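To start, the structure itself, in structure tokens.
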Amino acid sequence: MSDTMDCVTQGLLRRIPKQERSRERIDEILKVSMDLIGSKGIDAVTMKEIASLAGGPIASIYQYFPNKSAIVATLYMRYVDGVGMFIREGVSRVATVDDVFPAIDCIIDRYYENIRRTPALQDLLNATQADKELALLDLQESRNHARLFSDATSRFVPQDRRDEFDRMVFLMFHMAEAAVRLALLADEHEAGLIIEDFKSACAVQMQRFLPGSEADA
């Protein structure tokens, strides 16, 4: 987990788990919460229901989480950490300028498939946008994810255009969530076309900054 995520997590939890059993308890609470969100939606889920399905009295939930919002925020942070993981995996294979474009496609595809396969994530992201503090955190994490990509690819960009490149990558990463939301509202055929169109738009923007690539030829 990133330093930012670790600090936020510690701010949300009433008690930082030090023993394995406590960490397993938190994992179970979060797993049950995510399952309930996926089946009922965030608004319909109650702390009492989470406690019942996680096993144990409701006091055992409040021992770690002060309220449902803290659970939602922690789930969001775990989602963010997972996105960061596959961005790192995607850029780890970038050795030449021509590797940048497959890396973009891979990251977008994995992001879309991850959310498409997990309905609870869709509800979780909707709740994030409805909460001002989480929306600001989401913006910061878009910056962090964009920085992962920029750090791995900016060496192919002319020095005098790197600030502009960084802004474009930040915009691209922040808009990815909107593109995926739109795709998920469409039927399967149109959804695939939307994702392909978004990948093409990203590639066009990348070509502006990557002279010498095959796509630029």
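Computed from the coordinates by the stated procedures, all read-outs in this text should not be read as laboratory data. The structure presented is a predicted model; accordingly, all values stated were derived computationally and were not measured. With ideal geometry, Cβ positions are generated from the backbone for all residues, glycine too; neighbour counts draw on all protein chains shown.
Things worth noting here:
- Length-normalised contact order for the stretch 75-145 - Cα pairs under 8 Å, 6+ apart - percent: 33
- Normalised by the number of residues in the chain, the average gap of Cα pairs under 8 Å and 6 or more apart makes the relative contact order 20 percent.
- If R0 equals 30 Å, the separation of the Cβ atoms of R93 and E24 corresponds to a calculated FRET efficiency of about 0.30.
- Taking the helices alone, the chain has a mean residue ellipticity at 222 nm of -25000 deg cm²/dmol, built from -39,500 (n - 2.57) per DSSP H run of at least 4 residues and averaged over all its residues.
- Crossing angle, helix 119-130 versus the chain [Cα axis fit, 0-90 degrees, rounded to tens]: 90
- Nearest-ten-degree value, helix 132-153 long axis tilted from longest Cα axis of the chain: 40
- The value for the stretch 163-216 of Rg(Cα) / (2.2 N^0.38 Å) is 1.28.
- Extreme residue, positive dipole direction of the stretch 89-188, given options V94, N114, M172 (C-beta unit charges): V94
- Correct choice for semi-axes √(5λ) of the Cα gyration tensor in Å that was computed from the model, options (1) 23, 21, 18; (2) 36, 19, 13; (3) 32, 19, 15: (2)
- Angle between the chain longest axis and helix 68-91 axis [Cα atoms, degrees, rounded to 10]: 30
- Working from label points 7 Å from Cα in the Cα-to-Cβ sense, the E113 to S52 distance is 3.7 nm.
- Relative contact order computed over the stretch 102-217 (Cα-Cα under 8 Å; 6+ residues apart), in percent: 28
- Percentage, to the nearest whole number, of Cα pairs in the stretch 99-138 over 13 Å apart: 61
- Placing unit charges on the Cβ atoms only, positive for Lys and Arg and negative for Asp and Glu, gives the chain a dipole magnitude near 960 debye about its Cα centre.
- Over the stretch 63-186: Rg over Rh, Cα atoms, Kirkwood Rh: 1.01
- Cα gyration tensor shape for the stretch 121-207, rounded if a/c is under 1.5, else prolate or oblate: oblate
- Projected label points at R143 and S39, each 7 Å from Cα along the beta carbon direction, are separated by 4.0 nanometres.
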